[in-house]
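Take a look at the structure set out below.
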Amino acid sequence: DLGLVYRSVGATSIGLAEIVYYHNRVDDLIRFVHNSQQVSRPHNIGAALLRGVETRVQARFLSQLRLRGNYVYQRAENRSLFSFEKGNDLPNAPRHRLGARLEWERGRRLVHYEFSRESRHFLDRANLRTVPVRTLHNIGGRLALAAEVALAVEVRNASDNQVADLWGYPLPS
């Protein structure tokens, strides 16, 4: 792994910027893999090559507006000896993940918006069963009523995107 980090102490600036590159060779990698009965079980993939870039940023603007974000690009490659698997993406390993949170805070009030996106990926070793692209929007707010008490509300999956987790259970909307 190799990374760079930038931190500042200014009130209205980029407070943190980070970039990390990783390159890992793994033997006997265990992953949960969907089988034909729609059940996920741990499976020894064998050899794998995992490499990618992770980034993160935190910034403050106008002393009331904060932005946090991250982006991950990864190539998780199956390096097993089986010809129908070799070179494929590992199960449950999307290549792209993006997340962002924008907050506005004034006095005792805070309002936020979150965005997350995950590229399509695969449930099986042969890369035949896909999980489509997932995009979620969340909004919420908080009102501090006292030093230790706050009232918060949040709407998750505001666009009502019908997504499920890797085992087919619907995510909360």
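What's the whole-number percent of alpha carbon pairs in the chain lying beyond 28 angstrom? More than 28 Å apart: 41 percent of the Cα pairs in the chain.
Summing +1 for each Lys or Arg and -1 for each Asp or Glu among the other residues whose beta-carbon sits under 15 angstrom from that of Gly3 gives 0.
The residues neighbouring Leu128, those whose beta-carbon lies less than 12 Å from its own, together hold a net charge of -1 under the Lys/Arg +1, Asp/Glu -1 convention.
Derived scalar couplings between HN and Hα for region 105-110 equal 10, 9, x, 8, 9, 9 Hz in order, rounded to whole Hz, by the Karplus curve 6.51 cos²θ - 1.76 cosθ + 1.60 (θ = phi - 60°), x for Gly and Pro. Give, as a single signed number, the net charge of other residues whose beta carbon lies under 15 Å from the beta carbon of Ala17, with Lys and Arg counted +1 and Asp and Glu -1. The answer is +3. Subtracting the Cα-Cα distance of Val111 and Phe61 from their residue separation scaled by 0.36 nm leaves 16.5 nm.
Distances between placed amide hydrogens fall under 5 Å for Arg120 paired with Val133, all partners being 5 or more residues away or on another chain. For Phe61, the accessible surface of its heavy atoms amounts to roughly 90 Å² (probe 1.4 Å, protein chains only, rounded to the nearest 10). Taking Pro42, Pro94, Pro132 in turn, the Gaussian network model of the chain (Cα-Cα springs below 10 Å) assigns the largest fluctuation to Pro42.
The values are calculated or read from the model by the stated rules, or taken from the named source; none is laboratory data. Please read these numbers as outputs of a predicted model, since none were measured by experiment. Backbone-built Cβ (ideal geometry, glycine too); neighbour counts: all protein chains shown. Areas reflect the complete protein model, heavy atoms only, side chains present, ligands, DNA and RNA absent. Shrake-Rupley method; radii C 1.70, N 1.55, O 1.52, S 1.80 Å.
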